[in-house]
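Contents: one structure, followed by commentary.
Nothing in this text is a laboratory measurement; each read-out follows from the coordinates by a stated rule. As the structure is a computational prediction, the values presented were derived from the model and not from experiment. Here Cβ is always computed from backbone atoms with ideal geometry, including for glycine, and neighbour counts include all displayed protein chains.
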Amino acid sequence: MTDTRVNLLGLTRPQLEAWVLERGGKPFRARQLFHWLYKRGETQFEAMTDLAKAFRQQLEAEAEVRLPQVVTRQDAADGTIKWMLRADDTQAFEMVYIPDGTRSTLCISSQVGCAMDCSFCSTAQQGFNRNLTAAEIVGQVFLAQKELGFEAGDNRLISNVVFMGMGEPLANFRNVVPALRIMLDDLGFDFSRRRLTLSTSGLVPQINKLAEEINVALAVSLHAPDDELRSQLVPINRLHPIAELLQACWHYIDEQNGRSVTFEYVLLDGINDSPAQARALAKLLKGHPAKVNLIPFNPFPGTQYRRSRPESIKAFLDQVLKGGVMATVRRTRGDDIDAACGQLVGRVIDRTTSRLGNRNIAVVVENSAESVS
Ligand code: SAH
């Protein structure tokens, strides 16, 4: 039997107001529901005692609050937690919690698998299955709070949310944007714009579209200072080369009155980690609202790459700083449970769409066009 009840976690406040109105209810019911859901963490309608009984019965019949189901949970020695979550009978995706002093970051997924085919990322090896729904994206934050022992009124368990799990968030624009709105809503999770980071491999039309829609922190996976190398590492670069990508980034900052874009740069031994490449990177970004986040490569089975040596990482960092661009090195967390960047694999058995590569570039472009319209 298919369940046709709507999962309320996927509705923004205006959408929920419209939904309530259609059923003859008053729009303020949507505010009450948001409060129960996001401030109290309540998932059972019968417990929402300030809602009229008839309305609660209607909710029971037509709506639900469904969280992703946990398949496995692994706790790392450093406090990092990784969950594998069920997408359906065969598919799964991953979510990671990274506590770090006063800061605690939840890393969430936007797709089951990924179609971008970046050569150094283990998610890419899995292929792409499907987009997560807005409810599944919001549901990750809801579920993580619950797993961490959320109590009503306490919104400090998770200070930051980053879209750096499985998937390319901008290839799932139509679900990611409403999910971001729910996370930002002051009656929703009420995250500040600076603590909500969307990371993209560089889908230029979607970055431009995002600039018209929403103000969040933008991170861009750059990984190389020139087009030849970047096209090898991040195949989408063949469609949207670096100059075009940077243009879109600066446009985003202008439009959204943002602070700066974070450029992620995974350091691969002997590939993109020379001092000359560091200087070229600094030259690209100097004078712009940009920060560099260097990520020591996290290996996975079958990869051809190696992590840069500590002295190369240090030298690279120094050169970027000397070139006049702010830079930091990301600390590797949770690697004993394969929860570090690029190690999230979930379980993607049914690859309805294959990876990007040269052959399949049209697939991603098609998806992108759909999400922009
Ligand atoms: N698709 C989005 C978000 C997911 S990946 C994006 O590309 O930005 C989050 C970050 O981890 C990206 O910067 C990605 O390039 C990086 N990453 C991927 N594989 C990695 C690996 N094996 N080691 C270190 N970082 C990796």
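In sequence order, segment 274-281 has phi-based couplings of 7, x, 5, 5, 5, 5, 5, 5 Hz under the Karplus curve 6.51 cos²θ - 1.76 cosθ + 1.60, θ = phi - 60°, and Gly or Pro positions carry x. Relative to the longest principal axis of the Cα atoms of the chain, the long axis of helix 242-256 makes an angle of roughly 40 degrees.
The angle separating the long axis of helix 13-22 from the principal Cα axis of greatest extent in the chain is about 30 degrees. Ordering 175, 114, 248 by Cα displacement along the dipole of segment 69-337 toward the positive end leaves 248 in first place; charges were set at the Cβ atoms of Lys, Arg (+1) and Asp, Glu (-1).
Under a model in which nothing but the beta-carbon of Lys, Arg (+1) and Asp, Glu (-1) is charged, the chain shows a dipole of about 600 debye around its Cα centre.
Rounded to the nearest whole Å³, what is the per residue volume of the convex hull around the Cα atoms of the chain?
Enclosed volume per residue, from the Cα hull, is 139 Å³.
Holding the Cα-Cα limit at 31 Å, pick out from 209/286; 209/322; 53/146; 26/209; 53/209 the pairs that are longer than that.
The answer is 209/322; 26/209; 53/209.
Using only Cα atoms, find the angle between the long axis of helix 173-184 and the longest principal axis of the chain, and express it within 0 to 90 degrees, rounded to the nearest 10. Once rounded, the angle reads 70 degrees.
Distant-in-sequence amide contacts of residue 104, defined by a placed amide H-H separation under 5 Å and a gap of 5 or more residues or a different chain, comprise 159, 160. Backbone geometry of segment 312-328 corresponds, through the Karplus equation with coefficients 6.51, -1.76 and 1.60 at θ = phi - 60°, to 3J(HN,Hα) couplings of 6, 4, 4, 5, 5, 4, 4, 5, 5, 4, 4, x, x, 10, 5, 8, 9 Hz, x marking Gly and Pro.
Let me see the P(r) profile for segment 1-140: every Cα-Cα distance counted, bins of 5 Å, each bin given as a percent of all pairs. The distribution over segment 1-140 is 2, 9, 15, 18, 16, 14, 12, 9, 5, 2, 0, given as percents. Per-residue ellipticity at 222 nm computed for the chain from its helices equals -10000 deg cm²/dmol, with DSSP H segments shorter than 4 residues left out and the rest contributing -39,500 (n - 2.57). With a ≥ b ≥ c taken as the square roots of the eigenvalues of the C-alpha gyration tensor of segment 6-64, please select rounded if a/c is under 1.5 and otherwise prolate if a/b is larger than b/c or oblate if it is not? Verdict is rounded for segment 6-64.
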